[in-house]
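Read through the structure below, which is laid out as structure tokens, and then see the notes.
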Amino acid sequence: MRKSTLRSRLVLGFALVTAPLIVLLIVNNWYAMGVVQKQVAGSNKNLVTMNMDQIDQKLAEADHYLLKTTLQDPGLLALGSYPEGSEEAVYAKVNAFNRLSQDIPYYGDMDAFFAYRASSRELIFAAQQSMPYEEKEAVRGKLSALLATSESRQPYMSRWGVVSLDGEYALLRVMDADKGSYAGAWVSLNRFLKPFHALDMGDEGRVLIASSGGTLLAYDHDPASGAPAADLPLAGAFADDGRLYHTVSTGEGDAKRIMVSQHSRMADIHLAVLLPVRSLLERLPMFQWFIYLMPPLAVGLLLLFLVYLQRSILMPVRQLLKGMRQMRAGNFNMRLAPSRLAEFDDINGTFNRMSDEIETLKIDIYEEHIKTQRAELRHLQAQIHPHFFTNCLNLIYSLAQVKNIALVQKLTLQLVKHLRFTIRTNVVSVPIDEELAHIRNYLSIQEMRFPGAFEYEIEAPPAETEPIEIPPLTIQPFVENALEHGFCYNEGEPFRVRIELRLVSSPDSGRRCLAVTVSDNGVGFEPGILEKLQSGDYFGYEYDEHIGIWNVYHRCQLYYRAATTIRFDNGPAGGAIVELMLPLEPESERRDAHV
């Protein structure tokens, strides 16, 4: 279980005192904002409802006029009764146009009245005098397209419907006058927002008309720049959930606004007013300053309290913990400076004295450990001598049997050089060129023993490998095992041993390493032995039949401080492959240099 720190306890204690106060202020702020928002929303709700009622009344009056015209006006009733081109048809069209032109001024909130004859696709259009000519032509073209088919007329036959024209929206109403003639009205939604231009909605207040699906149909403009209001995420804002207002984000820096809306009875539109939340408390400056300043003031006091604790208590404790971590990491040179507080000064003095005593004791123990390791290293190195000596005697015995005295004498000299190299138990490391010379001496003996049946190759760039030192007899046991266990006679092809040395970077640590590869074309490792060697379990057993490999592994562990890896495998064409990764600088030397 993780324990808490002194700093966390102090911060927690202070937070338990200040947090309830800050929460109380925030809750009070939210409550005050909620009350103000409800009051503002209530007053604007009455305004929106009143204006929407006026809009519905205007639409209802236009509905009543169209209904009366389609039922009682003889010119419109006769519009579809006469053949096209007849004198009566022309007279009926003139009467219908005159009637609509005379009536449209009395309905100042409508943009245009029209009549339509479906059989000839003739549109009789009467618009307000103030309507620009370009707009008249655009509306005329739109109506001709919508009234051309029964399918396009149908959505506007039962109630007022929304029509899009050049990026703006209008309401359209169509009534059937019988015999293929129709009457209707057109009104731009922007016309319904004109009464709000005289109201003071504030610099950021907005009035808009939208559909139930959230499509923005008409909106007022920024009084300063004349730019339209930003796109509003209104989807779902007109849900009939009984709430007095909704909160939406305008997209202008994610500013929140309250929206009060009212649905029309005559069309699928909503009239809405948006007010920025941040401006609701503009008339309560002192209350705002108090609400906004109290949380930062409490946080500032907390920071000052933490700075005081940091200087007087936490910093000495941190220095003490840092010293303890350094000591645990092995750095016993760490000393703590005197403290201004008497208690911490006594603790720092005790820590420094303890560090001195542990450093002295650690040096004594480390030196004794070094002596023990060196004795064990010599013991392990000495274990390999009987093994080499036995193999060499067996070789001389086999040559003596064939009475090859000259070769026996030559091999005896080679054996002397071989044994002279191996009996140097007081040597911890040798240059790589001496190790390779010893291996060449051994392989030359084997080459003389099996003339024409054995070959070897050593590839080691001298300029790279000469400065390197390794533990003695590190590579030779793998060469010996290749001959002892992998030698086989292949008809027409000698047994071949290849030794390759190269400088590489370790894939694990990235350090520069000496890679030594010993490969042959013999029988290779048996599956059971190879699995045992690759798993690493083999090196956990002591005194196996392959004592040379076991000895090399443990001597390298002592010399390189567990930084050595040995890999075993069989070649794709047969034969065994052994690869050693030896660091260029043993960690034992670096540790001795550091001590």
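The values are calculated or read from the model by the stated rules, or taken from the named source; none is laboratory data. In this text, all values refer to a predicted model and were calculated from it rather than measured experimentally. Don't worry about glycine lacking a Cβ; one is built from the backbone with ideal geometry, like all the others, and counts go over all protein chains shown. Note: areas computed on protein heavy atoms with side chains; ligands, DNA, RNA excluded. Shrake-Rupley method; radii C 1.70, N 1.55, O 1.52, S 1.80 Å.
The figures follow:
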item	result
Whole-percent carbon and sulfur share, accessible surface of the range 139-214, 1.4 Å	47 percent
Summed residue charge, Cβ within 10 Å of M334's Cβ, Lys/Arg positive, Asp/Glu negative	+2
Prolate/oblate/rounded label for the range 48-183 (Cα gyration tensor, a/c 1.5)	prolate
Solvent-accessible area per residue, Å², over the range 315-359 with all protein chains present [probe radius 1.4 Å]	71 Å²
Proximal lysines relative to K38, as straight alpha-carbon distance under 19 Å, when same-chain residues fewer than 8 apart are discounted	K256
Partner lysines for K322 [C-alpha distance under 30 Å; skip if fewer than 8 residues away on the same chain]	K3, K362
Sequence-distant residues sharing a close amide H with L217 (under 5 Å, placed H)	I209, A210, S211
Only Lys, Arg (+1) and Asp, Glu (-1) charged, at Cβ; the range 101-196 dipole about Cα centre in debye	180 debye
Those lysines that a straight Cα-Cα span of less than 23 Å connects to K194, excepting residues fewer than 8 apart in one chain	K45, K58, K136
Set of the range 103-139 residues, backbone N closer than 13 Å to the point 7 Å along the Cα-Cβ line of E84	117-123
Under Karplus coefficients 6.51, -1.76 and 1.60, residue-wise ³J(HN,Hα) of the range 138-144 in Hz, glycine/proline x	5, 5, 4, x, 5, 5, 4
Counted charge near D109, where neighbours are those whose Cβ lies closer than 12 Å (Asp, Glu -1; Lys, Arg +1)	0
Inter-label distance for D53 and A32, nm, one decimal - labels placed 7 Å from Cα along Cα-to-Cβ	3.5 nm
Local electrostatic count, K194, Cβ distance below 11 Å [Lys/Arg +1, Asp/Glu -1]	-1
